[in-house]
Amino acid sequence: MDCCAHEGPGGGDARFDFQKVADGVHVAVAAPAYKVNCNTAIIENDDGLMVVDTHSKPSAAKVIVERLRQMSSKPVRYVVNTHFHWDHWHGNEVYPQAYPHAEIVTNDITREAMVKKGLKRIQDHVRQVPAEIKKLEADVAAARGDARTRLENDLRLARAYLDEVTGLKPALPTLAFERTMKLYRRDREIQLLHLGRAQTEGDVFVYLPKEKVVITGDAMIGWTPYMGDGYPEDWVGTLDRLAALDFTHIIMGHGDPCGREWLTVFRGYVHAMVEGVRREVAAGATLDEVKQRVPAALAGTYEKPFSKYGDYRPWRTGILANIERTYAMVS
């Protein structure tokens, strides 16, 4: 499968750039979008395909299924969810429909989070998106020029998302493991690993030892991480356990595939942010003071590398949210 842009017949925000990472290992890199989609990793085995993560909505997953059918006559045998966040599993339902024998796999912790938190958040979206649409309608009416065009597109996508989330048929994992699950195929070994808490309590890593590829979900991404459900103080230790594996290629939850050098930068940011907050809290600083001092201290090292995608998910906004989460946990 060659590297190329691909999107569904309706266009919209389900746009992906397919890239080869290793023999039989590809990634569909999701373009930044108003309703964010995650990346999907595709692993081709002798007897079928494994897909890792399924996006924020069924329409996006259908784009991937269409492309899979072009690249291979093999069925999808396994769908792996790396964590419970909506943009990584709301497309699950598409795979058993397209491939009736496909199993959806995650670990026990993530499956429980899907049941206890994820299903509720679907209903939260159904309740909250109408207000989001009303605000966008007002913003469109007040805007002019390029800003209006952008807002009109956001409004169209928000309406389409509401239609999808309202009719969502959540497909929960059918297989769950505790710490490690290994699949041995004729041509490769696939390890599913829980290395500790990071972006969520149950992050799943997919590791291919022979190909030296690791798939991280949102435990690593190409911009400032979301920590709203995260464990900032544990995150670095989890990344250290990841670093102990022998790999050269990283497929992240969002952003382009990368090498080990980004792990160094990403880990450095999480560590520096947490330690900065700890020092300020120990000195008696208020949250507002921490939100002024820590970004100023880290900007010279981390603002540029975490701003590769321009204004999308800006570093300054992201670090303030990360500080709030960390401050609440260390205070």
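The values are calculated or read from the model by the stated rules, or taken from the named source; none is laboratory data. Nothing here was measured: the structure is a model prediction, and the numbers come from that model. Cβ coordinates were reconstructed from backbone atoms using ideal geometry, including for glycine residues, and neighbour counts include every protein chain displayed. Quick note on the areas: whole protein, heavy atoms, side chains included, nothing else; ligands and nucleic acids left out. Shrake-Rupley method; radii C 1.70, N 1.55, O 1.52, S 1.80 Å.
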Item to check | Computed FRET value (nearest 0.05) for Gln70 with Glu275, which takes r as the C-beta separation and R₀ as 51 Å | outcome: 0.60
Checklist entry - What nm value, rounded to one decimal, do you get for the distance between Ala299 and Leu245 when each label is placed 7 Å out toward the C-beta? => result 3.6 nm
Checklist entry - How big is region 185-331 by the Kirkwood estimate over distinct Cα pairs, in Å? => result 15.8 Å
Checklist entry - In terms of Cα to Cα distance under 24 Å, which lysines are near enough to Lys134, apart from those fewer than 8 places away along the same chain? => result Lys35, Lys57, Lys120
Checklist entry - If you roll a 1.4 Å probe over region 68-168 with all protein chains in place, what percent of the accessible area is carbon or sulfur? => result 52 percent
Checklist outcome for this item: Those helices of the chain passing the 18 Å axial Cα length cut-off and the mean Kyte-Doolittle cut-off of 0.5 (DSSP H runs only) are none
Checklist entry - Can you list the equivalent-ellipsoid semi-axes of the chain, largest first and in whole Å, using the square root of 5 times each Cα gyration tensor eigenvalue? => result 30, 26, 19
Checklist entry - Where does the chain land at 222 nm, in deg cm²/dmol rounded to the nearest 500, when only DSSP H runs of n ≥ 4 count, each adding -39500 (n - 2.57), divided by all residues? => result -13500 deg cm²/dmol
Checklist outcome for this item: Put Ile109, Ile323 in order of accessible area, largest first, probe 1.4 Å, and you get Ile109, Ile323
Item to check | Solvent exposure of region 1-130 as accessible area per residue, Å², 1.4 Å probe | outcome: 37 Å²
Checklist entry - With every protein chain left in place, what is the accessible area per residue of region 210-309 in square angstrom, probe 1.4 Å? => result 41 Å²
Next on the checklist: Given a 1.4 angstrom probe, I'd like the percentage of the accessible area of region 229-331 that is carbon and sulfur, rounded to a whole number.
Outcome noted: 51 percent
Checklist outcome for this item: Rounded to one decimal in Å, the inverse mean reciprocal Cα-Cα distance for region 1-141, i.e. its Kirkwood radius, is 15.9 Å
Next on the checklist: If I model a spin label at Lys116 and Cys258 as a point 7 Å from the Cα along the Cα→Cβ vector, what separation in nanometres do I get?
Outcome noted: 3.2 nm
Checklist entry - For region 68-111, what number results from the quotient of the Cα radius of gyration and 2.2 N^0.38 Å? => result 1.22
Next on the checklist: How large is the accessible surface of Ser59 in square angstrom, using a 1.4 angstrom probe and rounding to the nearest 10?
Outcome noted: 50 Å²
Checklist outcome for this item: Residues meeting the amide H criterion for Glu93 (H placed from the backbone, H to H distance under 5 Å, 5 or more places apart or on another chain) are Ala171
Item to check | FRET E, pair Leu157, Ser307, Förster distance 22 Å, beta-carbon r, rounded to 0.05 | outcome: 0.40
Item to check | 13 Å reach of a label modelled at Leu172, 7 Å along Cα-to-Cβ, counting backbone N of region 114-138 | outcome: 114-120
Checklist entry - In square angstrom, what is the accessible area per residue of region 140-200 with a 1.4 angstrom probe? => result 56 Å²
Next on the checklist: Check which residues have an amide H placed less than 5 Å from Val76's amide H, if you skip close sequence neighbours.
Outcome noted: Leu49
